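The values are calculated or read from the model by the stated rules, or taken from the named source; none is laboratory data. Keep in mind it's a predicted model, so treat the numbers as computed, not measured. Cβ placement follows ideal geometry from the backbone for every residue including glycine, while neighbour counts extend to all protein chains displayed. Just the protein is used for accessible areas: all its heavy atoms, side chains included, with ligands, DNA and RNA removed. Shrake-Rupley method; radii C 1.70, N 1.55, O 1.52, S 1.80 Å.
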Amino acid sequence: MEEVEVAEEERDHWSGRLPFILAAMGSAIGLGNVWRFPYIAYENGGGAFLIPYFIALLTTGIPLMALEFGLGYKFLSGAPKAFSMVDRRLAWVGWLSIFLGFLILSFYTVIMAWALIYMFFSFDSSWGSTPHEIEGFFFNDFLNISSGPTVIGGFQPMIFVGLIVIWICIYLILNKGVQRVGKVVLITVPLPIILLIILFIRGITLPGAMDGIEYYLTPDSSKLGDANVWLAAYGQIFFTLSLAQGVMIAYASYLPKKSEIMNNATIISLANCGTSFFAGLVVFSILGFVQHETGQPIGSGASGPHLAFITYPIAISQMGGASALFGVIFFLMLLTLGIDSAFSMVEALTAGLEDLGWEHEKAVRFFVIIGLSIGLLFVTSVSFWLIHLIDHFAVGIGIVIVGLIEVLVIGYVMKPEELREFINEHSEVKIGYWWDAMIRYVTPIILIFIIVWTLKDGFEFTGESVPNNVVEYPPWLVFAGGYGLIFVLVIAALYMQRRFTEWH
Ligand code: TRP
């Protein structure tokens, strides 16, 4: 007990409730809300998808957010040490979750670098004017994409410069501890939301917008009987709430005395999911407009790189007046959305090392250098292919597996009632037995079902198609880049557990 009190005195902490809420909200609200949610919703039943999504939010999202807050706050430590305090043999669960997050971060920052450069491109529409030109510009001129996933191709210096800028920002935001983070999020959380509202107003006043929105929200209730739809809902909830990656545990470990947990967890989760829904209106009004102007079908340009770097520039090219302004607004929104998700992940890592006695600034420097070095892999002509592959495994299944391990540990090793009591001591609204039931039975059963179902289908990776080039990924690459990488993360986590035992 004494140990914990000492840690509390020395530990850096948020200066109040607002900075903490904003920082956690900023971590959750990211690129995933703008391009992943609308597309996943549309593919999985449109308006009807909101039902499984909402159920996933209530049964897993909010309970797990409270769990991670409780864990970080109770042990005043990052994920590895927190799990180690639950059981000394379990530090690897914490290491695994932060390593997984770091893997996601390594390409997330690259997409942010693309957005940064595209923001400058918006000034003079460097991408050209016809849909055909805009698409060619992204793949050929900008990415200089190689002919397939096994061809490395050249190095893209411009993207590397963008990536360095992103990592320097992360360094400058984090190096002085969470007090500075608390100030930065006063801007980086509201700003993208304001920009999103501006885009909403512009979006719904464009011709064709209503067709897009109708497309997005028309419920296809036949989808509710499809297990894949439920799977998509749970996967998205983990990803969008930044759960199972050590982020929320680390952030909660900086809570000052007498903080609140349950209301915060609820507010943050609802704000995040509300933003996703709202972003869907913006995105689909723009897709409706593009269809209206160019005849490009709404569904074809909806996701990932296509949405942000092809479809949106096409929309801008059709807007006429003030198009440069809407380009800058859009890419600035992506950047400010992404930055707080990105630095929250670095904070999860540094919290892990600080618990081993590292100085904060040194830990930040260390991860910025490593992150930038891994990022080098993603600034070559092969990056587009690799990002797609790694995203498919890390986000598609990695996160869900780590989430499952996490609830099993709390449900069966620590026992949820122990954590619930702690959470209730620090909550205005108390949680009841239902919470234990979610952590112990409902969430694990659903997650096991999801994982088995997916693996049974072979967790197929269908590759990525770019214009005039449908590419096959050789099986060895899918195996190495998918399961191989997850395996490496597990080994690294076990190594860390063996190597560092000083918490006991
Ligand atoms: N929650 C973020 C979003 O919706 C995504 C995210 C989850 C993330 N985990 C991450 C980003 C780890 C970077 C690193 O966009």
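Just wondering, is there one or more residues in segment 381-390 that are under 30 Å from A279 (Cα atoms), surrounded by fewer than 24 Cβ atoms within 10 Å (Cβ to Cβ) and within 14 Å of the ligand (Cβ to nearest atom)?
Checked segment 381-390: at least one residue is under 30 Å from A279 (Cα atoms), surrounded by fewer than 24 Cβ atoms within 10 Å (Cβ to Cβ) and within 14 Å of the ligand (Cβ to nearest atom).
Checking the conditions here, which among S253, S269, S242 is buried (at least 22 other Cβ atoms within 10 Å of the Cβ), over 20 Å from P444 (Cβ atoms) and within 16 Å of the ligand (Cβ to nearest atom)?
On the way: S253 fails: within 16 Å of the ligand (Cβ to nearest atom); S269 fails: over 20 Å from P444 (Cβ atoms).
Testing whether each residue is buried (at least 22 other Cβ atoms within 10 Å of the Cβ), over 20 Å from P444 (Cβ atoms) and within 16 Å of the ligand (Cβ to nearest atom) leaves just S242.
Being within 23 Å of the chain's Cα centre (by Cα), within 16 Å of the ligand (Cβ to nearest atom), of a type in the set (G, A, S) and more than 30 Å from F121 (Cα to Cα), is that true of even one residue in segment 220-234?
Looking through segment 220-234, at least one residue is within 23 Å of the chain's Cα centre (by Cα), within 16 Å of the ligand (Cβ to nearest atom), of a type in the set (G, A, S) and more than 30 Å from F121 (Cα to Cα).
Of all the helices (runs of 4 or more DSSP H) wholly in segment 237-345, which have at least 2 residues that are of a type in the set (D, E, K, R) and under 30 Å from G371 (Cα atoms)?
none
What are the residue pairs meeting all of these: first residue in segment 341-355, first residue in contact (Cβ under 8 Å) with a residue 24 or more places away in the chain, second residue of a type in the set (D, E, K, R) and more than 11 Å from the ligand (Cβ to nearest atom), Cβ atoms under 7 Å, and 6 or more apart or on different chains?
Every condition considered, the pairs that remain are D355/K81.
Name the residue, out of I397, I405, I401, I369, that is over 26 Å from L191 (Cα atoms), in a helix (DSSP H, G or I), within 16 Å of the ligand (Cβ to nearest atom) and open to solvent by 10 Å² or more (accessible area, probe 1.4 Å).
I401
Which of the residues spanning segment 211-234 are farther than 25 Å from I446 by Cβ and loosely packed, with under 15 Cβ neighbours inside 10 Å? Don't jump to the end; show me each part of the working.
Step one: list which residues in segment 211-234 are farther than 25 Å from I446 by Cβ, which gives 211-218.
Answer for segment 211-234, where residues must be farther than 25 Å from I446 by Cβ and loosely packed, with under 15 Cβ neighbours inside 10 Å: E214, T218.
Mind telling me which of the residues V402, V413 ends up being of a type in the set (A, V, I, L, M, F, W, C) and under 17 Å from A232 (Cα atoms)?
Checking each option against the conditions leaves just V402.
Quick check on A115: is it within 16 Å of the ligand (Cβ to nearest atom) and modelled with pLDDT of 95 or more?
Working: within 16 Å of the ligand (Cβ to nearest atom): yes; modelled with pLDDT of 95 or more: yes.
Against the criterion (within 16 Å of the ligand (Cβ to nearest atom) and modelled with pLDDT of 95 or more), A115 qualifies.
Would you point out which residue out of T59, T109 is part of a helix (DSSP H, G or I), away from the ligand (no atom under 15 Å from the Cβ) and polar (S, T, N, Q)?
Details: T109 fails: away from the ligand (no atom under 15 Å from the Cβ).
The unique qualifying residue is T59.
Is there any pair with a first residue in segment 28-44 that is at pLDDT below 90 and a second that is near the ligand (Cβ under 6 Å from one of its atoms) whose Cβ atoms are under 9 Å apart and which are 6 or more apart or on different chains, and what are they?
Note: pairs meeting the criteria are R36/F239; R36/T240.
Assuming R88 fulfils every condition listed in (1) in contact with a helix residue (DSSP H, G or I) (Cβ under 7 Å, 6 or more places away or on another chain); (2) open to solvent by 30 Å² or more (accessible area, probe 1.4 Å) apart from one, which condition is it?
The number of the failed condition is (1).
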